[in-house]
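Just so it is clear, none of the values below were taken in a lab; they were calculated from the coordinates. Keep in mind it's a predicted model, so treat the numbers as computed, not measured. Counting neighbours? That spans all protein chains shown, and the Cβs are built from the backbone with ideal geometry, glycine included.
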Amino acid sequence: MPRSAMPEHLNDQEEIENAFPDDSQYGDSFFGRIYRWYNKKTKTWFAFSYRCTEWWARWRKYPKVLFAIKSKGGYFRVETDNPRGPNDCAYDARYLFNENLWHVDNSDPHVDVISEGYFSRIQYWCRWHFAIQWPLMVSFHWYKSPTDVPKYGEPRPDLDGKLWFTYWNHFDADLVYWMITSAYLGRNWK
């Protein structure tokens with residue numbers, strides 16, 4: 001797959017080797033060394049982006065939310081890449097269908113207006129969520145206790161071990177789609 005999908009700070013093998021600290025999560029065990037080697041060598045095999053020079057690998061800049069639902073209360077989290085810098089925005093809806101979130105003009109004065117952004121796989125501010133985005137990306141989370149759910153606008157506490165989180169395929173702040181081999185299931189955000 002094309003290396004042209006990668007942003008400037010990740011466009012050669014040495015930069016890839018030095019990036020992605022979470023690839024070391026399995027330590028120096030036999031399995032950990034194999035996992036790290038495989039992940040570093042295949043990192044760009046299933047990476048796609050709007051910046052790709054190959055026509056077959058050039059995808060839309062931001063994913064589209066096909067369907068998302070969350071618990072009552074709280075907000076959906078949208079990550080933005082505005083000129084003033086990346087930040088989080090809260091989106092007040094219970095369901096999303098076929099949404100392009102980078103064109104949202106929310107009339108609720110307590111919720112941010114989104115000019116350019118995307119639906120995050122990490123949804124801090126609701127007890128649970130399930131989402132399917134295009135190209136095919138699936139994410140889900142569930143907090144064990146409603147008291148563990150952080151409030152929007154307040155500092156986030158340590159949430160490790162307080163939730164279940166999973167995804168298959170994802171999109172990140174580098175505006176890259178990580179597909180096929182990108183999957184996670186665990187008790188912390190990743």
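Structure summary
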{"item": "Burial ordering of Phe97, Phe48, fewest other beta-carbon atoms within 10 Å first", "result": "Phe97, Phe48"}
{"item": "Highest to lowest packing among 184-190, 130-136, scored as the average C-beta count within 10 Å", "result": "130-136, 184-190"}
{"item": "Extension gain (nm, one decimal) between Glu14 and Trp45, 0.36 nm per residue minus Cα-Cα", "result": "9.6 nm"}
{"item": "Relative exposure of His9, His129, His170, judged by other C-beta atoms within 10 Å (fewest first)", "result": "His9, His170, His129"}
{"item": "Ranked list, fewest to most other Cβ atoms within 10 Å of each Cβ, for Cys126, Cys52", "result": "Cys52, Cys126"}
{"item": "Difference of contour (0.36 nm per residue) and Cα-Cα distance, Arg187 to Leu175", "result": "1.8 nm"}
{"item": "Sequence-distant lysines (8 or more away, or on other chains) whose Cα lies within less than 24 Å of Lys72", "result": "Lys64, Lys144, Lys151, Lys162, Lys190"}
